[in-house]
1. Output the residues belonging to the range A:278-294 that are in a helix (DSSP H, G or I) and within 11 Å of chain B (Cβ to nearest Cβ).
2. Please pick out the residue among A:62, A:80 that is farther than 26 Å from residue A:281 by Cβ, at pLDDT below 85 and away from chain B (no Cβ under 12 Å).
3. Suppose the filter is within 20 Å of the chain's Cα centre (by Cα) and either in contact (Cβ under 8 Å) with a residue 40 or more places away in the chain or more than 23 Å from residue B:458 (Cα to Cα) (or both); does residue B:340 pass it?
4. Any chance you could count how many residues in the range B:343-400 are within 14 Å of chain A (Cβ to nearest Cβ), exposed (fewer than 15 other Cβ atoms within 10 Å of the Cβ) and under 32 Å from the mean Cα position of the chain (by Cα)?
5. May I ask you to verify whether residue B:311 is in a loop (DSSP other than H, G, I, E, B) and modelled with pLDDT under 90?
6. Can you pull out the residues in the range B:312-337 that are over 24 Å from the mean Cα position of the chain (by Cα) and free of Cβ contacts under 8 Å to residues at least 40 places away in the same chain?
7. Could you say whether any residue in the range A:288-309 is touching a strand residue (DSSP E or B) at 6+ places or on another chain (Cβ under 7 Å) and exposed (fewer than 15 other Cβ atoms within 10 Å of the Cβ)?
8. Test residue B:435 against the criterion of being farther than 30 Å from residue B:356 by Cα, assigned to a helix (DSSP H, G or I) and within 14 Å of another protein chain (Cβ to nearest Cβ), and give yes or no.
């Protein structure tokens, strides 16, 4: 980030860039009701409602809720496969531990680093004690099956599984990007840790442009794959999945994270009631124009179904640049 | 979406009411709009507490002289429900006496005095000898020791002041056996006073109050005053130096005790003080007004509470600054209002010592925390351990500072320890999750914010306005509400979104 370069605020406004303050007041404050937050802040609740809505989500291996149950983890993962530990109420990807495989009693991280059984237990203990939850509330640990990266993405991602972030406003997908992990981001898909963000065309799922650390790049820094050739398969299916999160949660301004499993296809990984603004940089495009467009849209008596909304987004919204 | 009009109306109303009440206070009570050091008044309150024993009660408190170098008493008052109260002029100075036929249980009496700072008021008549009989009656070997000390000091001195200095030197000499004999039984001040009096040098033992704005529960410190022939010099046992009177008020110049209570036990007296800027007539008016039952301003509270509010009223200023830096500038801090607490600690420790202390404590704390994380502990236990580590660190720094004669280092104890422990814990997690870059960025943001808040909190004009014109708090509230309504870009976003705004 170059601290010396300042954009002209009127220029940003002209480009419809949404700022943090306006996001908080006009979109999160206005369209997300506070009592609905637990649905997305608590991943266990998210899993429950996703199941009710028949949306695919990563398979749950088990839940650990008390310090006394920590040892149960060894039974849960005794088959020797990879797994993921998540705090039920973590935020911003904090406290997520990915184990890609097990070898001789050691747990191997995607980066190749290994953890002992004690390390795993300590991580679970910390999570239950509330280290990663907001305000230090006591928490639960979710154990999930490891998502297997679709081979299609192998060229584009270093270690981690790429995840597709779709901003869904009043049920309409308005902007999308895919986050590719890098060596620098330690296999994590967080942009501020150095993951690559690739803006996606709403109509086709093709790459628009890519950024790392807010700078435009053309090739993946580790695999050297040309990022402009990236094309997300089953694009309409993914948008449908994202847009159904609106019916599921009733949250008006929502970030939906979707992963594509090699066997089970697209599934909802996580929902976010306060999605970040970096997606604008990845797309090279401000969010506000599309949000205002949806806000002004005349709605019929019966609210459009998710399929109608996805079609509208693919046909009309994608043209708004 | 409800209309925003009532909200803007409320903001306008807050500003109007806030400015109006402030102006009213200026116009009605004559409080100047800006601090005016020519009219500085120290308001000092003595609070006497004792347990009455169901007998006739007589409490007597030594009072300060009405005229003393640099100060003039302009008004005094006492508040003591159901007690009879008189001012007594005794040969040894003025005293206030409270009396009551019978009283039971906890009793609290207040005496409040206002002193105008008057640097011109320096001329005081020389004292008449003898001021007092020698404090100690020394006989036998002690008399011999005293005589030999006096002789040694006399040999090496030329006037009253140098004689005093030589005596102090001798009384501090660990190899001097005469000194050892006297000091084993008597306090340094008593020995010094006795020897000076026996040499016909005017001196007196006094109870002194160090004037510091907003101090509460301050005790009287015993010191010695020495007449050089032209002026009073004050001997401070904590520095072992003779110096001219500074920011101190001589409260008790009597030979008797500071406080006598008959018919009660567990008596104690403590002092609170604040500095104000008003003219003497206005001061009188405000004191009169303060005693009216319908006066609901915080200026009608006892001084001890007023002194507390002087600090509390600065918190909104800090909150406004934090809100501004986060909403308009987009600065990242660790913990929203932690910088305010740190700034309040800085006010007590002074900036340089504060910053060094903070950096050292957090730095060492992070190292200790790094070790604790390997021990595989439960979270609550680990944070408790960090709290204890912080306390141990702070105490060892205080001891170290004391032995290195860095008196400022002692103020390190004023840091909010539990907040620091949490900060260390959070920083440590941040380090593991997001790397040292993020830790450095948030620490720098927090420290920067704390320094800005500190500068505001120590600014004389801001201190003066925030306490004397409570109405301005409503204006601050209005500004904070307006900030809460700001939907424009943050300064940091202008650089963050630079790639989006650069091309069109």
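1. Filtering the range A:278-294 down to residues in a helix (DSSP H, G or I) leaves A:278-283, A:288-294.
Answer for the range A:278-294, where residues must be in a helix (DSSP H, G or I) and within 11 Å of chain B (Cβ to nearest Cβ): A:278, A:280, A:281, A:282, A:283, A:288.
2. Details: A:62 fails: at pLDDT below 85.
Of A:62, A:80, the one residue that is farther than 26 Å from residue A:281 by Cβ, at pLDDT below 85 and away from chain B (no Cβ under 12 Å) is A:80.
3. Numbers: within 20 Å of the chain's Cα centre (by Cα): yes; either in contact (Cβ under 8 Å) with a residue 40 or more places away in the chain or more than 23 Å from residue B:458 (Cα to Cα) (or both): yes.
So residue B:340 passes the test.
4. The total comes to 1.
5. Spelling it out, it is not the case that residue B:311 is in a loop (DSSP other than H, G, I, E, B) and modelled with pLDDT under 90.
6. Scanning the range B:312-337 gives B:326, B:336.
7. Initially, the range A:288-309 is screened for residues touching a strand residue (DSSP E or B) at 6+ places or on another chain (Cβ under 7 Å), giving A:290-291, A:294, A:309.
When the remaining residues are screened for being exposed (fewer than 15 other Cβ atoms within 10 Å of the Cβ), the result is none.
No, because not a single residue in the range A:288-309 is touching a strand residue (DSSP E or B) at 6+ places or on another chain (Cβ under 7 Å) and exposed (fewer than 15 other Cβ atoms within 10 Å of the Cβ).
8. On the way: farther than 30 Å from residue B:356 by Cα: no; assigned to a helix (DSSP H, G or I): yes; within 14 Å of another protein chain (Cβ to nearest Cβ): yes.
It is false that residue B:435 is farther than 30 Å from residue B:356 by Cα, assigned to a helix (DSSP H, G or I) and within 14 Å of another protein chain (Cβ to nearest Cβ).
The values are calculated or read from the model by the stated rules, or taken from the named source; none is laboratory data. It should be emphasised that the depicted structure is a prediction, and the values quoted were computed from it without experimental measurement. Quick reminder, even Gly has a Cβ in these numbers, built from the backbone with ideal geometry, and neighbours come from all protein chains shown.
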